[in-house]
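Only one structure is covered here, and it is reproduced in the block below.
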Amino acid sequence: MMTRRRFLTLLGTGTVVAGAAAGGYLALPAEEAAAGDPRIRYGAEPCTQCGMIISDERFAAAWRAGRDERHFDDIGCMIANFRKHHPAGDVAYFVRDFGGATWLNAAAATFVSAPGLKSPMGYDIAAFATREAAQQVMANRSGTNQETWAALIDGLKERG
C-alpha cells in the first residue's frame with residue numbers, strides 16, 4: 001500500500017525529472033539553416049528532378065531553403081524543379097562553375113546555352129563566374145546565348 005508520504009515523494013521526483021528533461025531539451029541548439037557549399041556525392045546521388053545519378057560536376061546545381069537542400073545533375077533540372085515545387089522562404093541557388101571546381105551563387109553567375117555543351121539532360125547550359133570566361137566558350141561554339149539567372153528561369157523549356 002502506498003502512503004501519502006511515499007506518493008508525494010514519487011510525485012516530486014517525477015516533477016524534477018520532467019523539469020530537467022524539458023530544460024535540457026530547451027537548452028539544445030535551435031535548428032539552423034545549412035551553410036557553406038552544397039555537398040553532392042558524385043556518382044552515387046540521384047538528381048532530385050530526373051532521378052539520374054549526378055556524375056558530371058560541370059553541370060551540377062543545388063538549391064537550399066533553410067535546412068532543406070536539393071541536388072541536380074543539370075541546371076535545367078533545377079529550374080524545372082523550381083517551377084513545379086517552388087520552395088518557400090529564402091532560397092539560395094547554386095551552380096558549378098563550368099571552367100573550375102567551385103560553386104557559384106546562381107544569381108551572380110553568367111550562363112551560356114549552346115547545343116554542343118552536352119549537359120546530362122540536354123538543357124546544354126553551363127555557368128561561369130565571369131562574363132569573360134563565358135565569352136571564351138561562346139567564341140568556340142556556334143548557336144550560343146549568354147544569359148542571366150533571371151532570364152533562364154523565365155525562358156527555359158522543360159525536357160523529359
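Coordinate-derived values only; no laboratory data. Note that this is a predicted model, so its numbers are computed, not measured. All Cβ positions, even for glycine, are placed from backbone atoms using ideal geometry, and neighbour counts span all protein chains on display.
Mind giving me the nanometre distance, one decimal, between the label points for ASP37 and ARG131, set 7 Å out from Cα along Cα→Cβ?
2.6 nm
What's the Cα-based Rg to Rh of segment 70-156, Rh via Kirkwood?
We get a ratio of 0.95 for segment 70-156.
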